[in-house]
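Below you'll find the structure, written out as structure tokens, and then a few comments.
The values are calculated or read from the model by the stated rules, or taken from the named source; none is laboratory data. Computed from a prediction, not measured in an experiment: that's the story for all the values here. Counting neighbours? That spans all protein chains shown, and the Cβs are built from the backbone with ideal geometry, glycine included.
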Amino acid sequence: MTNVSPNVSPNAPADSSWTGAADLAAGRGAVGIGLAVAALLVVGLLIGLFASGSRRVRRGDSPRPRPDEQPRMPEGGPVREVRERREPDEMPRDGDRLGPHDLHGGNSGSRTGTSQDRPRWDGNGRV
């Protein structure tokens, strides 16, 4: 009894199953190579589009400032932090709504306090 594949007809020569499988594998290999080439083309296209887009954005940016255009320190030296006590602005209790244009001084919501003394804690946790 000979070993014949169930996919091959019994009248076919014995090594035709090997050539048929080789032809099928060669066809699948060509498809695989074609997919790999297509993938490489897509990747190359994406890289090219990214490079051209970044050049276009760079052209649209303003040029870097020259050394004489760099910010300078103020004549009085560096600006220091201002420490002050602030008090909240009181809301009117007459029932009218406040609009943004009614706020004096923008949207700060506070003003300089009347006393600038720092609160000191006594031993009992009170000011």
Which residue pairs have Cβ atoms under 7 Å apart, sit 6 or more places apart or on different chains, and have a first residue in the stretch 73-99 that is within 14 Å of Ser110 (Cα to Cα) and a second that is hydroxyl-bearing (Ser, Thr, Tyr)? Glu84/Thr112; Arg85/Ser115; Arg86/Ser110; Arg86/Thr112; Glu87/Ser110; Pro88/Ser110; Asp89/Ser110
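Let me confirm something: among Pro74, Pro63, which residue is of a type outside the set (Phe, Trp, Tyr), modelled with pLDDT under 85 and either in a loop (DSSP other than H, G, I, E, B) or loosely packed, with under 10 Cβ neighbours inside 10 Å (or both)?
Pro63 is the lone residue from the list that is of a type outside the set (Phe, Trp, Tyr), modelled with pLDDT under 85 and either in a loop (DSSP other than H, G, I, E, B) or loosely packed, with under 10 Cβ neighbours inside 10 Å (or both).
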Which condition number in (1) modelled with pLDDT of 85 or more; (2) assigned to a helix (DSSP H, G or I) is the one that Asp23 fails? (1)
